[in-house]
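Presented below is the structure to which this report refers.
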Amino acid sequence: MPSRECRRPSLPWSHGTRTASPRWLTRVGVFDLETTGVDVEADRIVTAHVGVLDARGREIAARSWLADPGIPIPEGATAVHGIGTDHARAHGRPPAEVVEQITRALRSLFAQGVPVVAYNASYDFSLLAHECGRHGIEPLDHPGPVIDPLVIDKAYDRYRPGKRTLEVVAAHYAVPLDGAHEASADAIAAGRVAQALAREFALPDTAGELHTRQVGWARAQAASLTEYFVRIGRLDPEETLDGTWPVRYAAETEQTA
């Protein structure tokens, strides 16, 4: 079981400060997608954000995209992120161009050894991989290190009741989130939640070790959720949730961001 440490107040969006912060905390990338839906295989990117936060959670580099996804944006998705089909068609960039530029920005961060934070990372990285395949773009090869605050929060505070959406978890760790479901706001908040988690708990010192542990945590969390869904009748006994992380290729419709 992950261990908890004694803490003292620090930044406004953290519960406390460890005696020695992990090395990866000093600079982290952040990544978020807003899309036409929650099917990683079939749905498309509408907006995206890739940025970099310093050790105090200030964004020091950033780029955002608006894409014309090439398909109608369902009303339900528009209600979430505020982008309708007409607006995307009028102002969005071609989807292949957007997908290539997002992938290139993330590849550059990984090449520099900068970990990238994404909340519910297996959703964003999986959908991006399918978009790359759709447009003939070379996908990220085993992206990492990736930091997923959703997986980490579940691992270190497993029995906390309530939802684990980004909005709820950000509020729990006193991280401001203005404009939820706007790609840049969600990306920055996720990065600050990751930094708050690093100050709250005894996380691994290197992002590479943390990435490796998250692979196992995500698998175990999916198995536990599968058991629960079977018990309440939401899944048939022979069905399982895919716990592959941070990229999965089987469709999974649960999105918690």
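The values are calculated or read from the model by the stated rules, or taken from the named source; none is laboratory data. Computed from a prediction, not measured in an experiment: that's the story for all the values here. A quick note on method: Cβ atoms are made from the backbone with ideal geometry, for glycine too, and the neighbour counts reach across all protein chains shown. Heavy atoms of the whole protein, side chains included, go into the accessibility calculation; ligands, DNA and RNA do not. Shrake-Rupley method; radii C 1.70, N 1.55, O 1.52, S 1.80 Å.
In debye, nearest 20: dipole of the chain around its Cα centre with unit charges on the Cβ of K, R (+) and D, E (-)?
Values: 27 positive and 34 negative charges, 247 e Å.
Charge dipole of the chain: 1180 debye, to the nearest 20.
With the full set of protein chains in place, find how many percent of the accessible area of the chain is carbon and sulfur; take the probe as 1.4 Å.
Ligands and nucleic acids excluded, carbon and sulfur give 51 percent.
Determine how large the accessible area of GLU138 is when every protein chain is in place; take a 1.4 Å probe and give Å² rounded to the nearest 10.
140 Å²
ARG89 to GLN112: FRET efficiency via 1/(1 + (r/R0)^6), r the Cβ-Cβ distance, R0 35 Å, to the nearest 0.05?
Numbers: r = 35 Å, r/R0 = 1.00.
Efficiency at R0 = 35 Å is approximately 0.50.
Could you tell me the center-to-center distance, by alpha carbons, between the stretch 23-39 and the stretch 64-117 in angstrom?
Between the Cα centres of the stretch 23-39 and the stretch 64-117 lies a distance of 12 Å.
Take each of the peptides 224-231, 182-189, average the number of other beta-carbon atoms within 10 Å over its residues, and list them starting from the highest. Show your work: numbers first, answer last.
Values: 224-231: 14.2, 182-189: 24.8.
Per-residue Cβ counts within 10 Å, averaged per peptide and sorted highest first, yield 182-189, 224-231.
Nearest 5 percent is fine: what portion of the DSSP beta bridges confined to the chain is antiparallel?
75 percent
Looking only at Cα atoms, what is the convex hull volume of the stretch 60-181 per residue, in Å³?
Details: hull volume 16.8 nm³, N = 122.
About 137 Å³ per residue, rounded to a whole number.
Amide H neighbours of ARG27 under 5 Å, counting only residues 5+ apart in sequence or on other chains, H built in-plane at 1.01 Å?
For ARG27, no residues qualify.
Quick one: if the Förster radius is 35 Å, what FRET efficiency do SER224 and ALA42 give, using the C-beta to C-beta distance and rounding to 0.05? Please report the intermediate quantities before stating the final value.
On the way: r = 27 Å, r/R0 = 0.77.
Here the calculated transfer efficiency is 0.80.
With every protein chain in place, what's the accessible area of GLU209 (1.4 Å probe, Å², nearest 10)?
Result for GLU209: roughly 80 Å² accessible.
Can you check how the C-alpha radius of gyration of the stretch 79-120 compares to 2.2 N^0.38 Å, as a plain ratio? Intermediate values should be presented prior to the final figure.
Values: Rg = 14.0 Å, N = 42, 2.2 N^0.38 = 9.1 Å.
Compared with the compact-globule rule of thumb, the stretch 79-120 sits at 1.54.
Calculated from DSSP H runs of 4 or more alone, at -39500 (n - 2.57) each and per residue, what is the 222 nm mean residue ellipticity of the chain, nearest 500?
Values: 8 runs with 104 residues, N = 257.
Value at 222 nm, helices only, nearest 500: -13000 deg cm²/dmol.
Calculate the FRET efficiency for ARG63 and THR212 from the Cβ-Cβ distance with a Förster distance of 25 Å, rounded to the nearest 0.05.
0.30
Starting from the residue with the highest accessible area, list ILE83, ILE71 in decreasing order, probe 1.4 Å. Provide the component values of the computation, followed by the final result.
Working: ILE83 30, ILE71 50 Å².
In descending accessible area the options line up as ILE71, ILE83.
Treating only the Cβ of Lys, Arg, Asp and Glu as charged (+1, +1, -1, -1), what charge dipole size does the stretch 107-257 show about its Cα centre? Round to the nearest 20 debye. The partial results should precede the final answer.
Working: 14 positive and 21 negative charges, 69 e Å.
Roughly 320 debye, rounded to the nearest 20.
Within a Cβ distance under 13 Å of VAL230, other residues only, what is the Lys/Arg minus Asp/Glu net charge?
Details: positive: ARG231, ARG234; negative: GLU227, ASP236, GLU238, GLU239.
Summing Lys/Arg as +1 and Asp/Glu as -1 gives -2.
In Å², and per residue, what accessible area does the stretch 84-223 have when probed at 1.4 Å with the other protein chains present? Before the final figure, lay out each step's value.
Values: 5420 Å² over 140 residues.
Accessible area per residue: 39 Å².
At 10 °C and 1.306 mPa s, grab the translational diffusion coefficient of the chain from Stokes-Einstein with a Kirkwood Rh over Cα pairs, rounded to a whole number in µm² per second. Walk me through the numbers before you get to the answer.
Working: Rh = 18.5 Å.
Stokes-Einstein gives a translational diffusion coefficient of 86 µm²/s.
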